[in-house]
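Undergrad: Got a structure here, written out as structure tokens. Questions coming.
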Amino acid sequence: MSTASEQPGDQEQQHIVSSDDDVNGANAEQAARGADGGTPAEEVGETAEGAGGTAAEGAAEVWDVVVVGAGPAGASAAHAAASAGRSVLLLEKAELPRYKTCGGGIIGPSRDALPPGFTLPLKDRIHAVTFSLNGRLARTRRSKSMLFGLINRPEFDAALVAEAEKAGATLRTGTAVSRVEQHGTAVPDRRTVAVVLADGETVLARAVVGADGSASRIGAHVGVEMGQVDLGLEAEIPVPETVAEDWKGRILIDWGPLPGSYGWVFPKGDTLTVGVISAKGEGAATKRYLDDFIARLGLAGFEPAVSSGHLTRCRKPDSPLSRGRVLVAGDAAGLLEPWTREGISFALRSGRLAGEWAVKVSEAQDAVDARRQALNYAFAVKAGLGVEMAVGKRMLTVFESRPGLFHAALTGVRPAWLAFARICRGSTTLPDLVRTHPLARRALHLLDERQARAGRG
């Protein structure tokens, strides 16, 4: 289900250095350099020519960590760094709360990544899922225990930011970031990053976390490249009490007519969130799918309170997650599950990791140590979220060609439904499922063999 869209601010072939690696001497010098062995990573960056502001030596405040973007990834990063006792500035271009296009599903991994004691502002608790195949063969599966919860992003994001502030972070809203600089006259020393705001002000930091959405300026600075781009369209439809009651506790997932597409209905009290997602480049067909989907559900007579669209972007596996003292997380890093396009859990988890490792980057005394800590962040992301994304990409490939197979399995094969339920609750993951479930493992093995034969052909 598409829960991704952390859009505030809208966007290695690398040597991974583990915490046990001994990096010194010539090896350390190499580790501090970019992937091409050229200029040390911290020294690569835009020059300050044309910068709107210049740091006053010895006078400007230097934050330990500056986080750009106050969505789930940014708020989580700010909370983690502030909880470690560091000075943290959280920058957000919008005023909070603000609307975000997002299904708003909070699955188990999202819940587990929330700050301790955080109270979810749930709009509904889901115990049932209706599956359909482009409007046909509908079947509802039910669970005695809750599968996941539903939230509205304005409330959820604002609550996460409040937790970050409670931990000690300072919030500035209405503050757009123009660029970051790691070399030039705006940067007083090699341990400092300059964050240049749209109004020309320069903010200094020992480490920066970019969490400014899928069209991220910080992601562009780091060099994040996206390998999969999808278009999501969504409508927030107020409905009468009788209609809302029919949907309470139940969602709908419809496997769509376009390759890799699906639609959803998420109930949130007196409003239904109805959306579809498909590959970018199929805009007109995706819009037709949404219109047909709404009409088929009998909802065409209700006026949407909000109609919106967004792009979700998945990173290329070898795309960088850092550059010098700058890290990226969430949508800015292209972190989401490729098959379902679920992104909130990826934002929360990567944001927390980014905040923790940004603390270590901020403590680094030179480019070698900063590079080591940044690579350790990348290693942590790739060892966990990266593995989930790789399996999700393989699942998407199967789904694109055989949506009926998925529908038949989830509606007719009890172990498949139970596995889906466990993934929703967070008691297992897609990679764990593939490792432990013979049928899933066999299906993906056959896919790999078919792709290998196609490649040889």
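Bear in mind that the values in this text are calculations on the coordinates, not laboratory data. Note that the coordinates shown come from a computational prediction; the quantities given were computed from them, not determined experimentally. Note: ideal-geometry Cβ built from the backbone for every residue, glycine included; neighbour counts use all protein chains shown.
Undergrad: Each label point is 7 Å from the Cα along the Cα-to-Cβ direction; what then is the distance between the points at Ala220 and Asp246, in nm?
TA: Distance between label points: 4.6 nm.
Undergrad: Calculate the FRET efficiency for Ser401 and Ala285 from the Cβ-Cβ distance with a Förster distance of 22 Å, rounded to the nearest 0.05.
TA: About 0.80, to the nearest 0.05.
Undergrad: Follow-up. Fewest Cβ neighbours within 10 Å first, please rank Lys144, Lys268 accordingly.
TA: Fewest-to-most ranking of Lys144, Lys268: Lys144, Lys268.
Undergrad: Could you tell me how far the Cα centroid of the stretch 65-92 sits from the Cα centroid of the stretch 269-327, in Å?
TA: If you average the Cα positions of each part, the centres end up 27 Å apart.
Undergrad: Phe118 to Lys144: FRET efficiency via 1/(1 + (r/R0)^6), r the Cβ-Cβ distance, R0 25 Å, to the nearest 0.05?
TA: 0.50
Undergrad: HN-Hα J couplings of the stretch 336-341 from phi, Karplus 6.51/-1.76/1.60, θ = phi - 60°, integer Hz, Gly and Pro as x?
TA: Going residue by residue, I get 6, 7, x, 6, 7, 6 Hz, with x marking Gly and Pro.
Undergrad: For Met226, what charge total do you get from the other residues with a beta carbon under 9 Å from its beta carbon, if Lys and Arg give +1 and Asp and Glu give -1?
TA: +2
Undergrad: Then there's this: Give me the dipole magnitude in Debye, nearest 20, for the stretch 199-251 about the Cα centre, with unit charges on the beta carbon: positive for Lys and Arg, negative for Asp and Glu.
TA: With only Lys, Arg, Asp and Glu charged at Cβ, the dipole is about 300 debye.
Undergrad: Just to be sure I understand the model, the point goes 7 Å from the Cα along the line to the Cβ. What's the resulting His437 to Thr170 distance in nm?
TA: About 4.9 nm separates the two model spin labels.
Undergrad: May I ask you to compute the full-extension gain from Thr185 to Ala158, defined as 0.36 nm times their residue separation minus their alpha-carbon distance, rounded to one decimal in nm?
TA: Full extension of this stretch gives 6.1 nm more.
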